[in-house]
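Chemist: The structure is given below, and queries will be raised subsequently.
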Amino acid sequence: MLLEKFLGFTNILIALGAGATVLLTGISLGLDLELLDPSYLITALTGLGYTVQRLIKTRFFPQTARPIVVDFYKKFGLGLVLCWGAILLASVNLVAIGGFGGVMGLEFTPQAHCMGVVLIILGASYAIVPLREKPYLKLPLISIVWALATVVYPVILVDSISMVSIGVLCAAFIARLIYIAGITVPFDVRDLQIDDLKMKTMPQVIGKEQALRRAMWLVGGGGAIWCGLALSGVVNPIVGYGLALHAFITIPLVSPQIVNKFKRANHLTLILDGMLSMQFVILLIWYLTIQT
């Protein structure tokens, strides 16, 4: 139970998943490890952002959170924010000196600053306004912010937007967006008892079973895009086929048959957030392949 709380409530799994997504984006687009430095920042920012959102939610809108999460953040929320803040500062200092070994630093262009501000505003608005309570906004907001932060923003951070195909970048963005939307739906199903009906989440509008079936299509659609990109030869084939297989493996995990069997909400968090971190397996396969 303690391990479940630690992995599920500290946002470690989802932060590592964000970092893995950044690296895989770079490799798929032919940038190889040029996005290594941005991956540090995005990992830390994701951990801090989700933790701050949860702290605000549990402190000011406790009725919208599960009691077990409210209790956890009453005890450890501020400490978690400080920890993630320290990790972010360390990441900023690391990339300022050029990453490990001083290989590559980041130049924060006006475009990077602009998108960074937009992402921060959207992330803060999700919890403070809160935008998540507005009708139909919860799922699109999560998916769009995640896809922008892990696919588009890292490329802008290394000022490589002119070096990649915009069409391929857009396809990768859409693939990530609909995959995240798909794995988020089960959490909306879990939150049916605490989400206000005015939020109009997918399960509230079309029902639990239909929402989960659409989640399967969304996740599978993300995999299909990656498969198509790999088949057409416009992305790194190891990453393209790896992400396609990763998405296809996720399909049964968001199905009504599996989601309905989760006995505790923590299990849902560990499995689906854990799937994001499982992308490191694709990175390992890519690394071992280029070494041979």
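Chemist: Restricting to the range 1-23, what's the tally of residues that are under 14 Å from the mean Cα position of the chain (by Cα) and among the hydrophobic types (A, V, I, L, M, F, W, C)?
Modeler: Residues flagged as under 14 Å from the mean Cα position of the chain (by Cα) and among the hydrophobic types (A, V, I, L, M, F, W, C) within the range 1-23 amount to 9.
Chemist: Among residues belonging to the range 30-40 that are surrounded by fewer than 24 Cβ atoms within 10 Å (Cβ to Cβ) and either under 22 Å from Tyr126 (Cβ atoms) or not acidic (Asp, Glu) (or both), point out the one that is nearest to the chain's Cα centre (by Cα).
Modeler: The extreme case among them is Tyr40.
Chemist: Does Ile166 satisfy the criteria of being farther than 21 Å from Tyr136 by Cα, under 22 Å from the mean Cα position of the chain (by Cα) and without any contact (Cβ under 8 Å) to a residue 12 or more places away in the chain? If you could, list the steps in order and put the result at the bottom.
Modeler: Values: farther than 21 Å from Tyr136 by Cα: yes; under 22 Å from the mean Cα position of the chain (by Cα): yes; without any contact (Cβ under 8 Å) to a residue 12 or more places away in the chain: yes.
Against the criterion (farther than 21 Å from Tyr136 by Cα, under 22 Å from the mean Cα position of the chain (by Cα) and without any contact (Cβ under 8 Å) to a residue 12 or more places away in the chain), Ile166 qualifies.
Chemist: Which residues, counting only those in the range 149-170, are surrounded by fewer than 19 Cβ atoms within 10 Å (Cβ to Cβ) and hydrophobic (A, V, I, L, M, F, W, C)?
Modeler: Quick first cut of the range 149-170, residues surrounded by fewer than 19 Cβ atoms within 10 Å (Cβ to Cβ) only: 159-170.
Within the range 149-170, Ile161, Met163, Val164, Ile166, Val168, Leu169, Cys170 meet the criteria.
Chemist: Residues being closer than 16 Å to Ile271 by Cβ, in a helix (DSSP H, G or I) and either in contact with a Lys or Arg (Cβ under 8 Å, 6 or more places away or on another chain) or of a type in the set (Lys, Arg) (or both): count how many of those fall in the range 1-31.
Modeler: The number of residues fulfilling the criteria is 3.
Chemist: Sticking with this one: Based on what the data block shows, is Leu288 without any contact (Cβ under 8 Å) to a residue 12 or more places away in the chain, part of a helix (DSSP H, G or I) and over 16 Å from Thr21 (Cβ atoms)?
Modeler: Working: without any contact (Cβ under 8 Å) to a residue 12 or more places away in the chain: yes; part of a helix (DSSP H, G or I): yes; over 16 Å from Thr21 (Cβ atoms): yes.
Yes: the conditions hold for Leu288.
Chemist: Still on this structure, I have one more. Provide a single number: the residues in the range 252-289 that are at pLDDT 90 or above and touching an Asp or Glu at 6+ places or on another chain (Cβ under 8 Å).
Modeler: Counting residues in the range 252-289 that are at pLDDT 90 or above and touching an Asp or Glu at 6+ places or on another chain (Cβ under 8 Å) gives 1.
Chemist: Turning to a different aspect of this structure: Return the residues of the range 70-87 that are closer than 27 Å to Leu268 by Cα and out of contact with any Ser or Thr (no Cβ under 6 Å at 6 or more places or on another chain); say none if nothing qualifies.
Modeler: Asp71, Phe72, Lys74, Lys75, Phe76, Gly77, Leu78, Gly79, Leu82, Cys83, Gly85, Ile87
Chemist: Another one. Taking Val70, is it more than 30 Å from Phe173 (Cα to Cα), out of contact with any His (no Cβ under 6 Å at 6 or more places or on another chain) and modelled with pLDDT of 90 or more?
Modeler: The answer is yes for Val70.
Chemist: Scan the range 37-64 for residues that are assigned to a helix (DSSP H, G or I) and more than 17 Å from Val152 (Cβ to Cβ) and report the count. Walk me through it before giving the result.
Modeler: Here is the first cut: in the range 37-64, the ones assigned to a helix (DSSP H, G or I) are 37-60, 62-64.
Filter again for more than 17 Å from Val152 (Cβ to Cβ), leaving 40, 44, 47-48, 50-60, 62-64.
So the answer is 18.
Chemist: While we're looking at this one, here's another question. Looking at Ile238, Ile180, Ile249, Ile174 in this structure, which one is at pLDDT 90 or above, buried (at least 22 other Cβ atoms within 10 Å of the Cβ) and assigned to a helix (DSSP H, G or I)? If you could, list the steps in order and put the result at the bottom.
Modeler: Details: Ile238 fails: buried (at least 22 other Cβ atoms within 10 Å of the Cβ); Ile249 fails: buried (at least 22 other Cβ atoms within 10 Å of the Cβ); Ile174 fails: buried (at least 22 other Cβ atoms within 10 Å of the Cβ).
After applying the criteria, what remains is Ile180.
Chemist: If you scan the range 149-187, which residues turn out to be under 14 Å from Leu24 (Cβ atoms) and of a type in the set (Ser, Thr, Tyr)?
Modeler: The answer is Thr150, Tyr179.
Chemist: Given the residues Leu29, Leu88, Leu16, which is the only one that is out of contact with any strand residue (DSSP E or B) (no Cβ under 8 Å at 6 or more places or on another chain), over 30 Å from Trp226 (Cα atoms) and at pLDDT 90 or above?
Modeler: Within the list Leu29, Leu88, Leu16, the selection yields Leu88.
Chemist: For the range 63-78, indicate whether the set of residues that are under 30 Å from Ile166 (Cβ atoms) and of a type in the set (Ser, Thr, Tyr) is non-empty. Give the steps one after another, and end with the answer.
Modeler: Here is the first cut: in the range 63-78, the ones under 30 Å from Ile166 (Cβ atoms) are none.
No, the conditions are met nowhere in the range 63-78.
Chemist: Looking only at the range 209-235, how many residues end up being more than 23 Å from the chain's Cα centre (by Cα) and either part of a helix (DSSP H, G or I) or acidic (Asp, Glu) (or both)?
Modeler: 3
Chemist: Could you count how many residues in the range 37-69 are in contact with a helix residue (DSSP H, G or I) (Cβ under 7 Å, 6 or more places away or on another chain), farther than 21 Å from Lys198 by Cβ and among the β-branched types (Val, Ile, Thr)?
Modeler: Within the range 37-69, residues that are in contact with a helix residue (DSSP H, G or I) (Cβ under 7 Å, 6 or more places away or on another chain), farther than 21 Å from Lys198 by Cβ and among the β-branched types (Val, Ile, Thr) number 6.
Chemist: Taking the range 123-144 on its own, how many of its residues are part of a helix (DSSP H, G or I) and either among the small types (Gly, Ala, Ser) or modelled with pLDDT of 80 or more (or both)?
Modeler: Number of matching residues: 11.
Chemist: So, in the range 131-141, exactly how many residues are surrounded by fewer than 20 Cβ atoms within 10 Å (Cβ to Cβ) and either within 13 Å of the chain's Cα centre (by Cα) or at negative phi (or both)? Walk me through how you get there before you give the answer.
Modeler: Step one: of the range 131-141, the residues surrounded by fewer than 20 Cβ atoms within 10 Å (Cβ to Cβ) are 131, 133-137, 140-141.
Adding the requirement that they be either within 13 Å of the chain's Cα centre (by Cα) or at negative phi (or both) leaves 131, 133-135, 137, 140-141.
Total satisfying the criteria: 7.
The values are calculated or read from the model by the stated rules, or taken from the named source; none is laboratory data. Fair warning: this is a prediction, and the values are worked out from it, not measured in the lab. Please note: Cβ atoms are built from the backbone with ideal geometry, for glycine as well, and neighbour counts cover all protein chains shown.
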